[in-house]
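Take a look at the structure set out below.
Where a number appears in this text, it was derived from the coordinates with a stated rule and is not lab data. Note that the coordinates shown come from a computational prediction; the quantities given were computed from them, not determined experimentally. Note that each Cβ is placed from the backbone with ideal geometry, even for glycine, and that neighbours are counted across all protein chains shown.
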Amino acid sequence: MKWRNSNDQKIMDRARKARMDRISGDRGREKSGLSSRSGISQTEDSGGKRMIRVTRLSGEVLYLNIFQIESMETIPETKIKMMNGYYFLVKDSAESVMEQIKAFLGGCMVPGEQNP
């Protein structure tokens with residue numbers, strides 16, 4: 001088996017790190033004021049547009065983009081699968097998550113209201 005020299009290994013390690021950053025979205029999160037941990041806002045109480053608030057089993061608060069949710073599953077706790085393949089196990093029931101999504105979408109469309 002042929003061993004790589006250290007320069008090749010460094011290049012591959014840098015490429016792997018860049019690929020993982022791109023996949024996990026760490027760079028975009030840091031620019032928008034979020035920590036590198038998945039979906040955790042540094043200002044927990046503020047939330048955000050198109051976001052719902054859920055609580056992990058550990059008690060950690062997450063804000064998830066409703067348009068990135070792929071599916072939910074109830075397996076004593078609620079498992080929320082995101083479009084990027086990540087999933088979160090949360091204390092909130094699937095019904096409460098759906099209520100938050102309905103409330104957000106209902107607030108977007110108000111009949112008879114005109115935009116300035």
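Subtracting the Cα-Cα distance from 0.36 nm times the residue separation, let me have the gained length for residue 50 to residue 98 in nm, one decimal. Present the calculation step by step, with values, prior to reporting the outcome.
Working: separation 48, 0.36 × 48 = 17.28 nm, distance 1.32 nm.
16.0 nm is the gain from fully extending residue 50 to residue 98.
How do 67, 88 line up, fewest other C-beta atoms within 10 Å first? Working shown, then result.
Working: 67 9, 88 22.
By the 10 Å Cβ count, ascending: 67, 88.
Pairs 79/102; 81/102; 17/81: which exceed 27 Å Cα-Cα?
On the way: 79/102 19 Å; 81/102 18 Å; 17/81 24 Å.
Those over the limit do not exist; all pairs fall within it.
What FRET efficiency would be calculated for the residue pair residue 86, residue 108, taking the C-beta separation as r and a Förster radius of 35 Å, to the nearest 0.05?
On the way: r = 25 Å, r/R0 = 0.72.
About 0.85, to the nearest 0.05.
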